[in-house]
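Shown next, in structure tokens, is the structure this report addresses.
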Amino acid sequence: MENCVFNYLEILLPTHNYVVIPEFGAFILNMEKALIQSDGKILPPQYRIVFNPEINHNDGILSSHIANKDNLSYNTAHNKIKETVKAIKASLKEGKTINCANIGTLSTDSTGNISFHQNANYLHPDNYGLYHTGIRRIDQLEETFRKERRNHTVRYIMGGVAAASIALLLFITPSASIKDNNSPTVQKADFISSVTSSLTETQVPTEDNTAYPKLQEDITKPARSYYIVIGGEDTKSKADQLLKKINNSDFPQADIVETSGRYRIYVASFSDKEQAEEFLKTFRTGNPKYETAWLFSKRN
């Protein structure tokens, strides 16, 4: 059952971002935004898993999932989790390392505190196919453009010089095909006029100083909403009862958000994760009764 719990945890984390093993602790999935380094290298978003043993209430996610997958009642699934937690704690107390499927390992330090170490090869489903890439800096693009224009200008000038040289050579070389000796001056003058006209029309293009728009770094951020959750139930009727109690006693503005058959009671929602995290800290401090409130992220 121990391995099964962590296998289920691996499946649930990408969907819920926050899963509690009752009476043991919470596994929380945090996303780190894509980074653009100074050399133009772009690193894709990364997901970090952290473990918080202080959050160990039953949010119902794991129990409901196991009950559904193993065709068990909710209470039976919850009791199985309790037995598994006892076994995990016993193994940790003996100094053993617990393998948490593909997400990482659990162990205890010298003071007896539980530490979680994420698997370096853990890959979130959203990151399949993403890899490091890069873009050239604007100054590099502009320098390449200037070099190409200079090369083009030099080739154009050399072509004109070559044409003029050939024309001059033809002019100073006697031509056997010219039979009329009565008007050589006129023929030469006409030829010079033609060459001069051709060279006059061949103009060297000037450098275009038009300002080219700079590339803009545009990384699409995931469209998510962040909820400050203070409770949850596995049925709509139970959630409605809990919401009514909370509305009447503490937070009239509280509401329900539903995902994957789980109904969570939240007191505030945000589109910005940093704002939500800051609010959560203040909320926990100002409401000791709800110190186990947590941040729930939902994809819109």
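The values are calculated or read from the model by the stated rules, or taken from the named source; none is laboratory data. This structure is a prediction, so every number in the text was calculated from the model and none was measured. Here the Cβ positions follow ideal geometry from the backbone for every residue, glycine too, while neighbour counts run over all protein chains shown.
Annotations for the structure displayed:
- Residues of the stretch 258-300 classified as at pLDDT below 90, of a type in the set (G, A, S) and assigned to a strand (DSSP E or B), total: 1
- Members of the stretch 247-263 that are within 21 Å of I61 (Cα to Cα) and either among the hydroxyl-bearing types (S, T, Y) or free of Cβ contacts under 8 Å to residues at least 40 places away in the same chain (or both): A254, D255, I256, E258, T259, S260, Y263
- Long-range neighbours under 9 Å by Cβ, at least six apart or interchain, first residue surrounded by fewer than 14 Cβ atoms within 10 Å (Cβ to Cβ) within the stretch 111-126, second at pLDDT below 85: L123/Y47; P125/P14
- Within the stretch 223-234, one or more residues are out of contact with any helix residue (DSSP H, G or I) (no Cβ under 8 Å at 6 or more places or on another chain), modelled with pLDDT under 85 and not β-branched (V, I, T).
- I11 of a type in the set (A, V, I, L, M, F, W, C) and touching a residue at least 60 places away in the same chain (Cβ under 8 Å): no
- Restricting the stretch 65-96 to residues that are among the polar types (S, T, N, Q) and surrounded by 12 or more Cβ atoms within 10 Å (Cβ to Cβ), the residue that is nearest to the chain's Cα centre (by Cα): N68
- Number of positions in the stretch 264-288 that are under 20 Å from G60 (Cβ atoms) and either free of Cβ contacts under 8 Å to residues at least 12 places away in the same chain or basic (K, R) (or both): 1
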